[in-house]
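Encoded as structure tokens, the structure appears first; notes follow it.
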Amino acid sequence: MSLVLDSAAQDLLFREARTANSFSDEPVTEEQVQAIYDLVKYGPTAFNQTPLRITLVRSAEARERLVKHMAEGNQAKTAAAPLVAILSADNEFHEELPQLLPHFPQAKDAFFSARPVREQSALVNATLQAAYFILGVRAAGLAAGPMTGLDFAGIQKEFLDDDHTPLMVINIGKPGEDAWFPRSPRLEFDQVVTTV
């Protein structure tokens, strides 16, 4: 084996992990979400920035408001999932850089004083953090159902503000019956990797 991670962990995080489309009734606890975040916060980002913001949708009233902004094919599963999270990018992440990058606090103004630069950096790095979050959900023995079939502007208006850009909505929980679609093909190594 070329990988240090044991085969069972590889299966849990990648080979056997799937996007769930149905979930059991078992709740997802605050402790589980805390443990997920406490693991994935260590994933690398540029300048150690942390633009990802996670809005947990737990109340029935908030869930109803969210579901109306989901694409039709995503509404029923979002309504039924034990937990739903809205992942967004904080375009004002640079305000935290003096705390997160103490050896280079001037990065806040030297690199991120212009809003368009911040928005681009927040999008890239929060999306990277969202991928870590999905792996963290899997590491907790849960399934994630990430979705981008949604009304982004509607979700921003309903749940966020102008400084936060929605990235995706993720249903989270233990998989239910018939939770998986058949596994789709993946590209092979030689189709993706080029050496120069």
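The values are calculated or read from the model by the stated rules, or taken from the named source; none is laboratory data. Computed from a prediction, not measured in an experiment: that's the story for all the values here. A quick note on method: Cβ atoms are made from the backbone with ideal geometry, for glycine too, and the neighbour counts reach across all protein chains shown. What goes into the accessible areas is simple: the full protein's heavy atoms, side chains included, and nothing from ligands, DNA or RNA. Shrake-Rupley method; radii C 1.70, N 1.55, O 1.52, S 1.80 Å.
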Write out, first by first residue and then by second, each pair whose Cβ atoms fall under 8 Å of each other, whose residues are 6+ apart or on separate chains, and whose first residue, in the range 177-196, is in contact (Cβ under 8 Å) with a residue 60 or more places away in the chain while the second is part of a loop (DSSP other than H, G, I, E, B) and among the small types (Gly, Ala, Ser). 177/22; 178/22; 179/20; 179/22; 180/20
Looking only at the range 148-174, count every residue that is open to solvent by 60 Å² or more (accessible area, probe 1.4 Å), part of a loop (DSSP other than H, G, I, E, B) and not basic (Lys, Arg) and tell me the total. 4
Of the residues in the range 147-164, how many are polar (S, T, N, Q) and either out of contact with any Pro (no Cβ under 9 Å at 6 or more places or on another chain) or closer than 30 Å to residue 26 by Cβ (or both)? 1
Here are some residues: 125, 48. Which one is in contact (Cβ under 8 Å) with a residue 24 or more places away in the chain, surrounded by fewer than 19 Cβ atoms within 10 Å (Cβ to Cβ), polar (S, T, N, Q) and over 30 Å from residue 176 (Cβ atoms)? 48
Report yes if residue 145 is assigned to a helix (DSSP H, G or I), under 29 Å from residue 49 (Cβ atoms) and in contact (Cβ under 8 Å) with a residue 40 or more places away in the chain, otherwise no. no
Checked 188, 177 against criteria (open to solvent by 70 Å² or more (accessible area, probe 1.4 Å), over 16 Å from the mean Cα position of the chain (by Cα) and either closer than 17 Å to residue 33 by Cβ or modelled with pLDDT under 95 (or both)); the one match is 177
If you scan the range 71-107, which residues turn out to be surrounded by fewer than 20 Cβ atoms within 10 Å (Cβ to Cβ), part of a helix (DSSP H, G or I) and touching a Pro at 6+ places or on another chain (Cβ under 7 Å)? 98
For the list (1) free of Cβ contacts under 8 Å to residues at least 40 places away in the same chain; (2) in a loop (DSSP other than H, G, I, E, B), I need the number of the one condition that residue 56 fails. (2)
For residue 138, work out the one condition from (1) of a type in the set (Lys, Arg); (2) in contact (Cβ under 8 Å) with a residue 12 or more places away in the chain; (3) more than 17 Å from residue 36 (Cβ to Cβ) it doesn't fulfil. (3)
Looking across the range 1-39 at residues that are outside any strand (DSSP E or B) and aromatic (Phe, Trp, Tyr), the single one that is modelled with the highest pLDDT is 37
Which numbered condition residue 91 misses (of (1) touching a Lys or Arg at 6+ places or on another chain (Cβ under 7 Å); (2) under 30 Å from residue 21 (Cβ atoms); (3) of a type in the set (S, T, N, Q)): (2)
